[in-house]
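Step one of this worksheet: look at the structure below.
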Amino acid sequence: MSGGNAVELSGVTKIFGEVTALDNISLEIGDGEFFSLLGPSGCGKTTSLRLIAGFEMPTAGEVLIGGRAMGHIPPYQRPVNTVFQNYALFPHMTVHENVAFGLEMQHISRQDIRQQVGEALEMVRLPGMEKRRPKQLSGGQQQRVALARALVNRPKVLLLDEPLGALDLKLRKAMQLELKMLQDKVGITFIYVTHDQEEALTMSDRIAVMDHGLVLQVGTPHEIYERPATRFVADFIGETNLIPGEIVAINREVAEVELARGIRLKAPMVPGATVGRSVTLAVRPERISLAAAPGPEGMNLIEASVFEVVYNGATTSILLRLESGIVLTVRQPNIAFAVEPSDLREQRVRLVWPIEASSLFMEKTPVEQGKA
Amino acid sequence: MTGSDDKSGRRGPLLVLPAAAYLMIFFVLPLIIVLVISFVERGRAGGVRSPLAPTIQYYIRLVDPLYVGIFFKSARIALLVTGVCVLLGYPLAVFIGRSPPRLRSPLLMLVMIPFWTNFLVRTYAMKQLLGAEGGINGLLLWLGLIHSPLSLIFNEFSVVLGLVYGYFPFAVLPMYASIEKFDLTLMEAASDLGANLRRAFLQVMLPLTFPGVLAAIVLVFVPVVGAFITPDIMGGGKVEMIGTLINRQFGVARNWPFGSAMSLALMVMVVAGVLYYLRSSEEKERPI
Amino acid sequence: MRATRGASLATGGLALRLGKATLALNAFALFAFLYVPILILIIFSFNDTRTVARLTGLSLEWYTKLIHNRDLLAAARNSLLIALSSTIVSTILGTLTALGMDRFRFRLRSAFDAVLYLPIVIPEIVMGISLLLFFNLAFFPVIELASGAKLTLGLPTILISHIAFNIPFVYVVVRARLVGFDRTMEEAARDLGANEWRTFWRVTFPILLPGILGGALLAFTLSLDDYLVTVFTAGTASPTMPLYIYSLVRKGVTPEINALSTVLLLASMGLVVLSLAAQRRE
């Protein structure tokens, strides 16, 4: 990454009483990156953000901003600003006073403040709202004020704690794109906390997936989605079919997994896989197709019976049951669907997907053991 | 998160120290003195005997049927007043809570005004109404229904009426606070599930608004059981309650130790009641 | 099944309407109970004879008498003086305490919490006599030993006592406000570069202000109205307003008291309006 690291967490642990919120995590976030911390609630993503902002101090390890160790530097002396989940706009101040607050703290002249506040409000497309109070604004407008209030200080890093969580779906989608474009424009490093995997995939340059105080995987959205490092990541990001089985043969780069009596699927080898291990084979619903005839070499093939067909507009989901009882989902784009979905019901069909679309996870990987 | 709480460990006590010191000297210490005085003999001309002479005679005197009777009477009056205030106040609170939002704050204000009005002034208003020359007798005489004034005042009835009048707003306000928070669609849900109005009230609304009722009970019972002003003015010296009894020990009777013993007994009674309330309100709030 | 359901709903509707009528009637009766005595009191303050049984004519005689009553004016001055000073002191101490108790964990904290609630709970008369005993048997003797000054009960002892019972009330009101206080407001301020001092004065204090004013208003009213604690700590000094009124009320019923009561009533209504206005400003 050119330009060095904007933020670095090195071996950071945070313990609240008896709860370990962060367990020895290390992250490097590059200059100008849009970096997301993604995970379910309680995974430690917000705690990480609060450590960077300076609201909490690490129990062990170090937080570096712009290469400088933060130690016990209080929040008001750190070159970062935060957009809070509930916006935390000061209710007793107008929009102008809210946005001007940070500049006032830096003792900037009144004239400059007026100009910069105006520019910031323009940037978030809220000009002319200076005199309003936060209560008189809609949720989306409050969100923009919070953004302007943080960005006006030109921080090295902007921390965003689920800033879109309180907005309705449509507004959220629009704001996602707007935030992304804004970040391109200002060139500031964004660290974005969210539990919404779709949001993280849409906006981020890189994502850290967290669970139970651990970082499970760091990578681009593409890497995370296509090559999930753990079963948890595979399950948490997008939709996944998880098929349990046991490795029965290994030929160079391909492992063969038996589900039940003679039914076998193939998947690319992963380190640590040995014959006889219990594994889970994961495959995305959109990678599976319904086939009339057996596919060419290099494809997995399995029979299943359809028990439900759900029309979703852009796609159709087909729910199937394997002989072993495992339920699979197949998603087909509604481009040119050959058969009427209703005709499929109760049918026995063949499913095929490329071997490299499968991922293998050991049951009880070291990471999962660590969290148990 | 409470992560930013107490970094120095010294600032909290520093903020609290002035008030803590003040209350130690001017509230806790005086109570300790009451405790001590209740165990020493009185002086011949009031005050306490010098040098101090320990005794428990005042506590023995407390269980004299005469005084036990007054304690019981005070408790009985307080229970009666509390019951009347809560039973009449709850429906009033419901009425205010269910009236259209536009009317709600004026109605609430009608309860607030007496609450903020000088207690003496209101007690006096009631005394005037009931007195021999007061409004009720005046009206009855003018109507020719009676020929000489009825004695409506200076009896237990007038004291109870005065206390209800004085403490009624204390009962309405906390119950209103609970009822306002109560979600009326829960009543609809109950009736949808087949409960009639009575059952829906008893099984849904009352349990959920009970914290307000408990608060009302405490806010009325505690001051009433130790009341002095109302029994003194509305009872005219003819209705004895604990408050008037204690007052007499520090006035004409000049028996500070006995008055102290009585005060402690009253305090124990009240504090025990409040502790009981705190415990039961904790239990009540758990399922919510 | 469906039919009986419908029937029971219909009767439920009737019961509901009956219930509403009963509620309205109950409310009307109670408001009458609360206000008729007060209205009669006000009406007779304008009577032109000394009787409070029949309205004989209208006059402002009793109000003009009030203005010329030196004892009354002195009592009013004492009351205001004590109420104002005890409000200022107790508001500062109570607010500091609320902040300290809300923000910090320290030893003896829960014990002190109990001490803070006790003055609200214990009967006023007990507080009154405890202060009487304290001043006479401990405070004055200690002062005399230390400085040789011979003190007696009077306005200073009333003031000391009022501060003592007001601190907990201010504390409770401000603490309630702090419970609803969103701490991320302070984090936001610190995040934007404000140190703790500036965070307090620019963010915490303005947001708490309505609670502090509410507590101050309550303290002011309690002090202005207090009779019991005052009567035990006043000694033979010139009385406060409630003491003055009490002596009149015990003697009997006169239109002068009615006039005085009417004035006080208007004053407390003003305070109610003031507090509601303060709430609305939020």
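Computed quantities for the displayed model
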read-out: Selected residue [open to solvent by 30 Å² or more (accessible area, probe 1.4 Å), in a helix (DSSP H, G or I), at pLDDT below 95 and at the interface with chain B (Cβ under 10 Å from one of its Cβ atoms)] from C:VAL249, C:VAL263, C:VAL253, C:VAL272; value: C:VAL263
read-out: Region B:37-92, subset aliphatic (A, V, I, L, M), open to solvent by 70 Å² or more (accessible area, probe 1.4 Å) and assigned to a helix (DSSP H, G or I), residue nearest to the other protein chains (Cβ to nearest Cβ); value: B:LEU87
read-out: Tabulated pairs, region A:46-66, first more than 21 Å from A:ILE207 (Cβ to Cβ) and within 14 Å of chain B (Cβ to nearest Cβ), second open to solvent by less than 40 Å² (accessible area, probe 1.4 Å) and among the charged types (D, E, K, R), C-beta under 6 angstrom, 6+ apart or interchain; value: A:GLY54/A:ARG78; A:PHE55/C:GLU187; A:GLU56/A:ARG50; A:PRO58/A:LYS14; A:THR59/A:LYS14
read-out: Residue match in region B:107-114 (condition: facing chain C (nearest Cβ under 8 Å) and not in a helix (DSSP H, G or I)); value: no
read-out: Given (1) more than 10 Å from chain C (Cβ to nearest Cβ); (2) touching a residue at least 60 places away in the same chain (Cβ under 8 Å); (3) not small (Gly, Ala, Ser), number of the condition B:ILE96 does not satisfy; value: (1)
read-out: The one condition in (1) at pLDDT 95 or above; (2) small (Gly, Ala, Ser); (3) open to solvent by 50 Å² or more (accessible area, probe 1.4 Å) that A:GLY272 fails to fulfil; value: (1)
read-out: Where A:VAL157 falls short, out of the listed (1) within 30 Å of A:GLN77 (Cα to Cα); (2) modelled with pLDDT of 95 or more; (3) away from every other protein chain (no Cβ under 14 Å); value: (3)
read-out: Count of residues meeting criterion [touching a helix residue (DSSP H, G or I) at 6+ places or on another chain (Cβ under 6 Å) and open to solvent by less than 50 Å² (accessible area, probe 1.4 Å)] in region B:129-152; value: 6
read-out: Matching residues in region A:174-226 - criterion: being more than 15 Å from the chain's Cα centre (by Cα) and part of a helix (DSSP H, G or I); value: A:ALA174, A:MET175, A:LEU177, A:GLU178, A:LEU179, A:MET181, A:LEU182, A:GLN183, A:ASP184, A:LYS185, A:VAL186
read-out: Wholly within region C:83-154, helices (runs of 4 or more DSSP H) carrying at least 2 residues that are open to solvent by 10 Å² or more (accessible area, probe 1.4 Å) and more than 7 Å from every other protein chain (Cβ to nearest Cβ); value: C:109-121, C:140-147
read-out: Residue check, B:LEU278 over 16 Å from B:VAL34 (Cβ atoms), at the interface with chain C (Cβ under 10 Å from one of its Cβ atoms) and open to solvent by 20 Å² or more (accessible area, probe 1.4 Å); value: yes
read-out: Subset of region B:153-176 (residues that are away from chain C (no Cβ under 11 Å), assigned to a helix (DSSP H, G or I) and open to solvent by 10 Å² or more (accessible area, probe 1.4 Å)); value: B:GLU156, B:PHE157, B:VAL160, B:TYR167, B:PHE170, B:LEU173, B:PRO174, B:TYR176
read-out: Subset of region A:25-41 [touching a residue at least 40 places away in the same chain (Cβ under 8 Å) and over 10 Å from the mean Cα position of the chain (by Cα)]; value: A:ILE25, A:SER26, A:LEU27, A:ILE29, A:GLY30, A:ASP31, A:GLY32, A:GLU33, A:PHE34, A:SER41
read-out: C:ALA176 being on the phi < 0 side of the Ramachandran plot and outside any helix (DSSP H, G or I); value: no
read-out: Count - residues of region B:93-148 that are within 21 Å of the chain's Cα centre (by Cα) and more than 22 Å from C:LEU271 (Cα to Cα); value: 3
read-out: Test: B:VAL220 is in a helix (DSSP H, G or I), open to solvent by less than 20 Å² (accessible area, probe 1.4 Å), under 30 Å from C:ARG250 (Cβ atoms) and more than 12 Å from chain C (Cβ to nearest Cβ); value: yes
read-out: Out of A:PRO134, A:PRO91, sole residue that is within 12 Å of chain C (Cβ to nearest Cβ), touching an Asp or Glu at 6+ places or on another chain (Cβ under 9 Å) and closer than 21 Å to C:PRO206 by Cβ; value: A:PRO91
read-out: Whichever residue in region C:44-59 is over 26 Å from the mean Cα position of the chain (by Cα) and either modelled with pLDDT of 90 or more or part of a helix (DSSP H, G or I) (or both) and, among such residues, is farthest from the other protein chains (Cβ to nearest Cβ); value: C:PHE46
read-out: Hey, C:THR230 open to solvent by less than 30 Å² (accessible area, probe 1.4 Å), under 30 Å from C:LEU41 (Cβ atoms), part of a helix (DSSP H, G or I) and more than 9 Å from every other protein chain (Cβ to nearest Cβ) or not; value: yes
read-out: Unmet requirement for B:ALA227, which otherwise passes all of (1) in contact (Cβ under 8 Å) with a residue 24 or more places away in the chain; (2) away from chain C (no Cβ under 11 Å); (3) not in a helix (DSSP H, G or I); value: (2)
read-out: Residue ID - farthest from the other protein chains (Cβ to nearest Cβ), chosen from residues in region C:188-205 that are closer than 30 Å to C:TYR117 by Cβ and open to solvent by less than 40 Å² (accessible area, probe 1.4 Å); value: C:THR204
read-out: Residue in region A:118-132 that is acidic (Asp, Glu) and over 21 Å from C:MET185 (Cβ atoms) present; value: yes
read-out: Set A:GLN143, A:GLN136: member being open to solvent by less than 10 Å² (accessible area, probe 1.4 Å) and of a type in the set (S, T, N, Q); value: A:GLN143
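Residue-wise test of (1) in contact (Cβ under 8 Å) with a residue 60 or more places away in the chain; (2) more than 20 Å from A:ARG227 (Cα to Cα).
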| position | (1), (2) |
| --- | --- |
| A:ARG264 | no, yes |
| A:PRO271 | no, no |
| A:GLY298 | no, no |
| A:LEU319 | no, yes |
| A:SER324 | yes, yes |
| A:VAL327 | no, yes |
| A:GLN332 | no, yes |
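The values are calculated or read from the model by the stated rules, or taken from the named source; none is laboratory data. In this text the structure is predicted, and so the values were computed from the model without any measurement. Every residue, glycine as well, gets a Cβ built from its backbone with ideal geometry; the counts of neighbours run over all protein chains shown. Calculation scope for accessible area: heavy atoms of the full protein, side chains included, ligands and nucleic acids excluded. Shrake-Rupley method; radii C 1.70, N 1.55, O 1.52, S 1.80 Å.
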